[in-house]
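Enquirer: What follows is a structure written as structure tokens; I'll ask about it next.
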Amino acid sequence: MLRIVERPARELLVPCSGARDVLVSWNATSPHGALELEVTCSDGERSGWLPYAEWSASERRSLNGGAACSWIEYDAVRAPRGAAYVVIRSSVDLDALAVATPPHAAQTTGREAKPVAQHRASVLDVPLRSQYLATHPGERGWCSPTALAMVLAFHGYELDIPTVAAGVFDSGYGGAGNWAFNVAFAGRLGLRAADAYLTDLRHASAFVEASLPLVLSITWRAGSLPGAPLEHSAGHLVVLRGFDANGDVLVNDPAQPGVAACYPRDAFEAAWLGHGGVAYLVAPAARSAELERLAQP
């Protein structure tokens, strides 16, 4: 489930229906700010105020506040006993605030998943970008800002990858893969962007049909994702741009030599849902309500 609140109050309560995992993301044009969260767990215990994230013109930092009943891991809230609701407090006015919880519907992978028919899912013309740059040979972990740069270019925002990487880098985590800071960067440009959990590839195909490419977070073991550019990965970001006639998955993978790639549907879906089914949703701000609607299971 995803809730996007436009122009929220500086303190906002959002029900979470007992979710054990919660994603909180935001869009703001303010060059500086900070967020803190308070989680009320399903048994009534409250976390107290947990520092979540802060940003300025020169730095972004995840703060990883923690309590006995719930805690923050960089870009995700963990509540093993379930979160009844979360209150988000911002130090500045936000353009939008998004809270996502995993779908309650059972997620299926393998042969139960129905292929996406070619006439139902378009193939989007998403610009190709590689995360491996001759000008930055030492940078091997730029899959997230590169995937984001491709989606930004699709929406008409041409930014070089080092600029995006610098704009999403989380000094608390020490990398450019923080999900919340990636969508916050898109939001700072005036787009509407949110982190979300989706149900499966049939769910994701609705975004493709609406001409909205997605950034998906995947993980795989050796041999589990045929054609993968790396033997294994604990977390990698790619752009979903469509499906072929067999329902296999067409992506822009920034770690592939040619970027454009096709992965077997079942293997890719397992790699994506195995990492939570997390997606970066990015759209023009005027399509905010549509983005929220498409994200529902």
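Enquirer: Note down the Stokes-Einstein diffusion coefficient of region 161-228 in µm²/s, whole number, using a Kirkwood radius over alpha carbon pairs, 4 °C, and 1.567 mPa s. Can you show the working numbers first?
Expert: Details: Rh = 14.2 Å.
Translational diffusion coefficient: 92 µm²/s.
Enquirer: Measuring from centroid to centroid over Cα atoms, what is the spacing of region 256-297 and region 52-80 in Å?
Expert: 24
Enquirer: Given Cα pairs under 8 Å that are at least 6 residues apart, what percent is the relative contact order of the chain?
Expert: 22
Enquirer: Provide Rg over Rh for region 1-80; use the alpha carbon set for both Rg and the Kirkwood Rh (inverse mean inverse pair distance).
Expert: Using Cα coordinates only, the ratio equals 0.96.
Enquirer: Can you compute the equivalent ellipsoid semi-axes for region 207-297, i.e. the square root of 5 times each eigenvalue of the Cα gyration tensor, sorted largest first and rounded to whole Å?
Expert: 24, 14, 12
Enquirer: In addition: State the percent of C-alpha pairs, over all pairs in the chain, separated by a distance greater than 28 angstrom.
Expert: Above the 28 Å cut-off, the chain has 34 percent of its Cα pairs.
Enquirer: Further question on the same structure: If you build the convex hull over the alpha carbons only and average its shadow over all orientations, what do you get for region 131-257? Give it in nm² to one decimal.
Expert: 8.5
Enquirer: Here is a further query. If I model a spin label at Ser211 and Trp49 as a point 7 Å from the Cα along the Cα→Cβ vector, what separation in nanometres do I get?
Expert: 4.4
Enquirer: Express in nm, to one decimal, how much length is gained between Tyr157 and Val123 on full extension, taking 0.36 nm for each residue of separation and deducting their alpha carbon distance.
Expert: Additional length available on full extension: 10.2 nm.
Enquirer: Tell me the net charge near Gly274. Cut-off is 15 Å between Cβ atoms, Gly274 excluded, with +1 for each Lys or Arg and -1 for each Asp or Glu.
Expert: Counting the neighbours of Gly274, the net charge comes to -2.
Enquirer: Given only helices, namely DSSP H runs of n ≥ 4 each adding -39500 (n - 2.57), what is the per-residue ellipticity at 222 nm of the chain, to the nearest 500 deg cm²/dmol?
Expert: Values: 6 runs with 56 residues, N = 297.
Counting only the DSSP helices, I get -5500 deg cm²/dmol.
Enquirer: At a Förster distance of 45 Å, what's the computed FRET efficiency of Asp93 paired with Arg221, Cβ-Cβ distance as r, to 0.05?
Expert: Working: r = 44 Å, r/R0 = 0.98.
It comes out at approximately 0.50.
Enquirer: What is the local net charge at Arg10, summed over the other residues whose Cβ is closer than 9 Å to its Cβ (Lys, Arg +1; Asp, Glu -1)?
Expert: Values: positive: Arg89; negative: Glu11, Asp93.
My count for the surroundings of Arg10 gives -1.
Throughout, read-outs are computed from the coordinates displayed, never taken from laboratory work. As the structure is a prediction and not an experimental result, all values here were calculated from the model. Glycine gets a Cβ as well: all are built from the backbone with ideal geometry, and neighbour counts include every protein chain shown.
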